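What follows is calculated from the coordinates using simple rules that are stated; it is not laboratory data. Note that the structure is a prediction, hence the values are computed from the model and not measured. Positions of Cβ are backbone-derived with ideal geometry, glycine not excepted, and every protein chain shown enters the neighbour counts.
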Amino acid sequence: MKSILFKSSFLLLFTLLSFKTSVQQFRGQAIYFSKSKMELGRWGARMSETQKKQIQARLKNRLEKTYVLNFNKKESFFEEEEKLDAISGATDTWGKNFTQGDQYKNVQENSLVQSQEFYGKRFLVKDQLQKIEWIIGKETKQIGKYLCFKATASVPTSELKWYNFSWSDLRKENPKKTDSLATKNTESKIKVTEIEAWYTLQIPVSHGPAEYWGLPGLILEVSAGNTVILCSKVIINPKEEIVIQAPSKGKEITKVEYQKTIRGKMIEMRNNRGRRRE
């Protein structure tokens, strides 16, 4: 009897350890392609189609990007594949100041570590993951060999793109007298980005590209604002080892503190430019 109990206990322990090991070893890699529509605002109305095409060609590296997401059950690392500028043959140094850096997410600990470079200074942004209240839909579609389900959400744009900068935000803070009435009518309205995501239960991890996460399966497609991010390839348990580590270099800072740093630097640049014109 004791022998049978011992064998049963040993078998149970072996099964639990094997399961734990398999969960820890589960890993994957997803390749994403993103494409954004060019927004020219009021200046676009004054441009010819030829001028618009020329600008679009110059901004191609900012409008079309390729990313790699490495992931396991609890962690992921998201980074952009760097490309040379189609016109100059160099990397887009200016654009990197306001784009997303290498991003580490830990969905179990609700933690974000993101490397950002701003005018030669390196920052290490440590904060919580972006909170997204997903609404799960019933619609499905096929993306490659994966059956995907639809989910939607609304997130304040400033929280979703916290690493970016907009001159329009400063104009709202310091409006002209003639704009005061219009500002009062709009200042209470928070700009929101509508998100549509497609995830697959065939890859049961809560990861996704960029700020997007928190669904019961890997997110393969996201439409948010003027940008679409689509997964073109997924490799589960690749032969080559995938190491997922959080960035570690740079001045530690929160999202809010990083936004204040960017804003202060851009105001300084604007004021210096104004003094040179005097």
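Taking the number of Cβ atoms within 10 Å of each Cβ as an exposure proxy, the fewest-first ranking of K189, K35 is K189, K35.
The ranking of R27, R263 from fewest to most other beta carbons within 10 Å of each one's beta carbon is R263, R27. What the Cβ-Cβ distance of K251 and Q108 gives, at R0 = 25 Å and to the nearest 0.05, is a FRET efficiency of 0.45.
Calculate the FRET efficiency for E241 and R263 from the Cβ-Cβ distance with a Förster distance of 45 Å, rounded to the nearest 0.05.
Taking R0 as 45 Å, the efficiency between E241 and R263 is 0.65.
Residue order for I135, I219, I235, fewest other beta carbons within 10 angstrom first, comes to I135, I235, I219. Compared with the direct C-alpha span, the chain from E194 to K138 gains 18.4 nm at full extension, assuming 0.36 nm per residue. Once the Cβ-Cβ distance of R122 and R62 is raised to the sixth power relative to R0 = 22 Å, the FRET efficiency obtained is 0.55.
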